[in-house]
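The values are calculated or read from the model by the stated rules, or taken from the named source; none is laboratory data. All values reported here derive from a predicted model rather than from experimental measurement. Here the Cβ positions follow ideal geometry from the backbone for every residue, glycine too, while neighbour counts run over all protein chains shown.
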Amino acid sequence: MKTKLVLAGALAVCAGAASAQSSVQLMGTADIYAGSKRMAGDAGRASVVNSGGMTTSWFGVKGTEDLGGGLQAKFALTSFIQVDSGNQGRFPNDPFFSRDANVSLAGSFGTVTLGRGLAPNFLPTVIFNPFGDSFTFAPLVLHANVPLFNGTGWAATTPSDTGWANEIIYSTPNFSGLSANVHYQFGEVAGNSSPKNVGFNVLYFHGPFAATAFYERDQITNPAASAPFATGDKKTDWMLGASYDAKVVKGFLTYGKAKSDTLVPQARTVSLGASVPVGLGKVLVGAARTRVNPGNTRSTLSIGYDYNLSKSTDVYAMYMRDRITTFSSGTSFGAGIRKRF
């Protein structure tokens, strides 16, 4: 009831503002698929109707106010939702506005954002793989951001979620295709200013070529109330990536490394992908391989077709094979529909 009242209040305020400010928008994405899932190490197969095959479903409000002199004030309040069940959030106890909850000031100097926003790893990871922000079928995203809750004990190589709370983000202006974002998350631990998350990413787009890099040093958990990692260690993660669009095919390549002070010493991930226009859609192929030293090696391959029914609606069919050494392999497939609004 409390979360419903919070959302109702936020929508009421924004609806009132919309009459005087046309830039306030209700927006989101509803994505749902049906299929069968078995990840590496799973004991058995599950037939599912699940939310978020290609994009994690979400909704919310965003707005911009022109303050004059090239200065703008912006806000974003957006929430994840499981379209298959109607449950709020990506998983139990996910904060209500876990996708965005921030206010920013933008001008010729760039943009300064305060609140909950993206982590440094998110944009480079989802832009530089052919499956985008699919947390179900994108091999690179699965290795980096989705732990396996089975006997494999597989942990995400990015240890602190794809979004950070209590953070300040500085985003530079665009310099002929080059831009950067600097992130600082406060630990908010009384009497101890040491625990914090810091990082940055760089994005470059020039014609058919694009490149990226990100770095994180994490000491704080996310997405719920931030607290230092139970082990008290520092975890670092970085990645380099590039893509080239030759019109008949767009290729993707990334390489990254993750390590921890006290846990797994090092994990290396390489990913390859391609997007091939066919008709009104695209054939998507992607593979990722992560080698943990010492530990197991995980290899994931996905292939599928995404077909555009309109500018805001597409349907898709995907197949994935997932394998971790010393554990049973798994295959998954699904077909779904995604509607942006």
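Among the residues of the range 90-132, what is the count of those that are surrounded by fewer than 20 Cβ atoms within 10 Å (Cβ to Cβ) and in contact with a helix residue (DSSP H, G or I) (Cβ under 8 Å, 6 or more places away or on another chain)?
2
For VAL198, are the conditions met, namely being out of contact with any Asp or Glu (no Cβ under 8 Å at 6 or more places or on another chain), farther than 23 Å from ASP133 by Cβ and hydrophobic (A, V, I, L, M, F, W, C)?
No.
So, in the range 180-216, how many residues would count as being closer than 19 Å to GLY241 by Cα and either assigned to a strand (DSSP E or B) or touching a helix residue (DSSP H, G or I) at 6+ places or on another chain (Cβ under 6 Å) (or both)? Write out each step before concluding.
The initial filter retains those residues of the range 180-216 that are closer than 19 Å to GLY241 by Cα, namely 180-182, 199-216.
Subset that is either assigned to a strand (DSSP E or B) or touching a helix residue (DSSP H, G or I) at 6+ places or on another chain (Cβ under 6 Å) (or both): 180-182, 199-206, 209-216.
Adding up the residues that qualify gives 19.
Quick one: is GLY187 in contact with an Asp or Glu (Cβ under 9 Å, 6 or more places away or on another chain) and either on the phi > 0 side of the Ramachandran plot or surrounded by fewer than 24 Cβ atoms within 10 Å (Cβ to Cβ) (or both)?
Criteria not met by GLY187.
ASN150 is checked against (1) touching a residue at least 40 places away in the same chain (Cβ under 8 Å); (2) touching a strand residue (DSSP E or B) at 6+ places or on another chain (Cβ under 7 Å) and fails just one. What number does that condition carry?
(2)
With the condition being more than 29 Å from PHE137 (Cα to Cα) and modelled with pLDDT of 95 or more, I'd like the strands (runs of 3 or more DSSP E) fully within the range 34-114 carrying at least 3 qualifying residues.
Correct list: 58-68, 71-80, 100-107.
Looking at this structure, is VAL270 at pLDDT 95 or above, under 19 Å from the mean Cα position of the chain (by Cα) and not aromatic (Phe, Trp, Tyr)?
Yes; evaluated as a whole, the condition is true for this residue.
Filter the range 219-235 down to the residues that are crowded, with 16+ Cβ neighbours inside 10 Å and β-branched (Val, Ile, Thr), then identify the one that is nearest to the chain's Cα centre (by Cα).
Only one residue tops the list, namely THR221.
Being over 26 Å from TYR244 (Cβ atoms), in a strand (DSSP E or B), acidic (Asp, Glu) and touching a strand residue (DSSP E or B) at 6+ places or on another chain (Cβ under 8 Å) narrows it down to one residue among ASP322, ASP306, ASP314; which is it?
ASP322
If you check PHE75 against the conditions, is it without any contact (Cβ under 8 Å) to a residue 40 or more places away in the chain, more than 17 Å from the chain's Cα centre (by Cα) and buried (at least 17 other Cβ atoms within 10 Å of the Cβ)?
Details: without any contact (Cβ under 8 Å) to a residue 40 or more places away in the chain: yes; more than 17 Å from the chain's Cα centre (by Cα): yes; buried (at least 17 other Cβ atoms within 10 Å of the Cβ): yes.
For PHE75, the condition - without any contact (Cβ under 8 Å) to a residue 40 or more places away in the chain, more than 17 Å from the chain's Cα centre (by Cα) and buried (at least 17 other Cβ atoms within 10 Å of the Cβ) - is met.
Identify, from the list ALA258, ALA267, ALA274, the residue that is in contact (Cβ under 8 Å) with a residue 60 or more places away in the chain, within 20 Å of TYR319 (Cβ to Cβ) and surrounded by 15 or more Cβ atoms within 10 Å (Cβ to Cβ).
Just a single option satisfies the conditions, and that option is ALA274.
Among the candidates THR313, THR326, THR331, which residue alone is at pLDDT below 95 and surrounded by fewer than 17 Cβ atoms within 10 Å (Cβ to Cβ)?
THR326
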